[in-house]
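Undergrad: Please see the structure below; I have some questions.
Every number in this text was worked out from the coordinates using simple rules, so none of it is lab data. Here the structure is a predicted model, which is why all the values come from computation and not from measurement. Cβ coordinates were reconstructed from backbone atoms using ideal geometry, including for glycine residues, and neighbour counts include every protein chain displayed.
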Amino acid sequence: MNTVLSRANSLFAFSLSVMAALTFGCFITTAFKDRSIPVDIRVSKVMIKNVDDFTGPRERSDLGFVTFDVSANLQPIFDWNVKELFLYLTAEYSTKSNALNQVVLWDKIVLRGDNTKLNLRDVKSKYFFFDDGNGLRSNKNITLTLSWNVVPNAGILPLVMGSGHKSLAFPESYETAKSY
Amino acid sequence: MLSLDFLDDVRRMNKRQLYYQVLNFGMIVSSALMIWKGLMVVTGSESPIVVVLSGSMEPAFHRGDLLFLTNRVEDPIRVGEIVVFRIEGREIPIVHRVLKIHEKENGDVKFLTKGDNNSVDDRGLYKQGQHWLEKKDVVGRARGVAPSGNTRPSCDQFLWCFFLHLLKVKL
């Protein structure tokens, strides 16, 4: 330990080991935590159209329009190891051609430090709700759920579904008016 | 000065000690290889640990972060999952989030992906005429993350970025 180089070397090696231990500590103390909270979802407006799918395959498909309210208190999920929550609202349903369909209608990033009380009203879907075909019309059972991907500082990336869902049904006929 | 000291040590060793050193080195290299291959078997993925190269998944993952992947075929693909996929004909895998899935009764599934930090979905990245990804395109799913300490949104340290690029992973 008599040269600057050997002292710098041991210092560097020691700090690296300490940081690795801290990172592992962050992971192991939060790995088995339950990240689920109750969520309240309401739907205010539902409409359906039948147009060419302009987001990709140019086939005539059902396009759903859903306006919803969502509220939840995200405070219990955050701790020292949660960097971000990626929230996403999923519409899950089944049709004659596909046994399971899942479409993300809306998502939001909530960072640690942001406002954790989620209380949004009359939210329009962020992504187009196109079906793979024409299976939305008269579909009686579309389930809306709010889930989140917990992004830690270090550790596991779990996907958690909030408890509380909303079922909605699409109308029998297509909307032909231009407005939404 | 340092190089001369090292050569003196080597000259002082007899043949047996030299062979021992070489064997020791070989043991270390093969242990590292065994651990890596073992990880590949346990996770089912051909690259169980990847490095984040681009900013398309910020603020969740920044450049330099490590991602731990698994690729168990029986795990169903569901929205919200972070998948690592390779587009047909391209070498570099991409890590984005699943936005939409349509699954048939027999298990055939087609899905769409999007990077968190991108404003549009990945259809522009797929092959010409390709609208969906399938299970065969998936290389793995991100299950864990280890930070790099780099929280800056742009890649300022060029040498570090170049090194990551050599690992041939794009996120």
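Undergrad: Please name whichever of B:GLY80, A:THR95, A:GLY155 sits farthest to the positive end of the charge dipole of the protein assembly as shown, dipole taken about the Cα centre and charges placed at Cβ: Lys and Arg +1, Asp and Glu -1.
TA: Towards the positive end, the residue furthest out is A:GLY155.
Undergrad: What 222 nm value per residue comes from the helices of chain A, counting each DSSP H run with n ≥ 4 as -39,500 (n - 2.57) and dividing by all residues, nearest 500 deg cm²/dmol?
TA: Computed mean residue ellipticity for chain A: -5500 deg cm²/dmol.
Undergrad: Please label the shape of segment B:77-146 as rounded, prolate or oblate, based on the square roots a ≥ b ≥ c of the eigenvalues of the alpha-carbon gyration tensor (a/c under 1.5 means rounded; beyond that, a/b larger than b/c means prolate, else oblate).
TA: Rounded, since a/c falls under 1.5.
Undergrad: Rounded to the nearest 0.05, what FRET efficiency is calculated for B:GLU105 and A:TRP80 with R0 set to 51 Å and r the Cβ-Cβ distance?
TA: The computed FRET efficiency comes out at 0.70.
Undergrad: Tell me, what HN-Hα J-couplings in whole Hz come from the Karplus equation 6.51 cos²θ - 1.76 cosθ + 1.60 at θ = phi - 60° for each residue of segment B:44-52, using x for Gly and Pro?
TA: x, 10, 6, 9, x, 10, 10, 10, 6
Undergrad: Can you tell me what percent of all Cα-Cα pairs in the protein assembly as shown are more than 27 Å apart?
TA: 56
Undergrad: Quick one: which residues, 5+ away or cross-chain, put their amide H under 5 Å from the amide H of B:GLY140? H built at 1.01 Å from N.
TA: B:VAL84
Undergrad: What is the local net charge at B:ASP75, summed over the other residues whose Cβ is closer than 12 Å to its Cβ (Lys, Arg +1; Asp, Glu -1)?
TA: Here the count lands on +3.
Undergrad: Would you mind checking the tilt of helix A:4-30 against the longest principal axis of the Cα atoms of chain A, expressed as 0 to 90 degrees and rounded to 10?
TA: The answer is roughly 40 degrees.
Undergrad: Here's another thing I want to ask about it. Would you please put A:123-130, A:42-49 in order of how densely packed they are, using the mean number of other Cβ atoms within 10 angstrom per residue and starting with the highest?
TA: Result, highest mean Cβ count within 10 Å first: A:123-130, A:42-49.
Undergrad: By average Cβ neighbour count within 10 Å, what is the ranking of B:104-113, A:98-107 from highest down?
TA: Output ranking for B:104-113, A:98-107: A:98-107, B:104-113.
Undergrad: Once fully extended, how much extra length lies between A:TYR174 and A:VAL18, figured as 0.36 nm per residue of separation less the alpha-carbon to alpha-carbon distance?
TA: Taking A:TYR174 through A:VAL18 to full extension adds about 49.9 nm, to one decimal.
Undergrad: I would also like to ask the following. If I model a spin label at A:SER163 and B:TRP36 as a point 7 Å from the Cα along the Cα→Cβ vector, what separation in nanometres do I get?
TA: 4.6
Undergrad: Taking 0.36 nm per residue of separation and subtracting the Cα-Cα distance, what length does fully extending A:ARG60 through A:ASN2 add?
TA: Answer, rounded to one decimal: 13.1 nm.
Undergrad: Using the Cα centre of the protein assembly as shown as the reference point, and only Cβ charges (+1 on K/R, -1 on D/E), how large is the resulting charge dipole? Debye, rounded to the nearest 20.
TA: Charge dipole of the protein assembly as shown: 340 debye, to the nearest 20.
Undergrad: Quick check: from the Cα gyration tensor, does chain A come out rounded (a/c under 1.5), prolate or oblate?
TA: prolate
Undergrad: How many nm separate the modelled label positions at A:VAL43 and A:LYS126, each set 7 Å beyond the Cα in the direction of the Cβ?
TA: 2.0
Undergrad: Taking H as built 1.01 Å from N, whose amide H comes closer than 5 Å to the amide H of B:SER45, not counting residues under 5 places away?
TA: Hits under the 5 Å cutoff: B:ASN71.
Undergrad: Go ahead and set up a Gaussian network model of chain A, Cα springs under 10 Å, then flag whichever of A:ASN134, A:ASN73, A:ASN119 fluctuates most.
TA: Result for chain A, Cα springs under 10 Å: A:ASN119 fluctuates most.
Undergrad: Listed here are the pairs B:LYS37/B:LYS135; A:LYS49/B:LYS136; B:LYS110/B:LYS136; A:LYS45/A:LYS166; A:LYS108/B:LYS136; which of them are more than 21 Å apart at the Cα?
TA: From the list (B:LYS37/B:LYS135; A:LYS49/B:LYS136; B:LYS110/B:LYS136; A:LYS45/A:LYS166; A:LYS108/B:LYS136), the Cα-Cα distance tops 21 Å for B:LYS37/B:LYS135; A:LYS49/B:LYS136; A:LYS108/B:LYS136.
Undergrad: Which whole number gives the average count of other chain Cβ atoms within 10 Å of the Cβ atoms across peptide B:59-68?
TA: 3
Undergrad: Moving to a separate point now. Amide H to amide H under 5 Å from A:PHE129: which residues, 5+ apart in sequence or cross-chain, H placed 1.01 Å off N in plane?
TA: Amide H neighbours of A:PHE129: A:GLY64.
Undergrad: Between B:PHE25 and B:SER119, with labels modelled 7 Å along Cα→Cβ, what's the label distance in nm to one decimal, could you check?
TA: My value for the distance between the label points is 5.5 nm.
Undergrad: Can you tell me how segment A:12-70 classifies by the Cα gyration tensor, rounded, prolate or oblate, using a/c under 1.5 as the rounded cut?
TA: Here segment A:12-70 falls in the oblate category.
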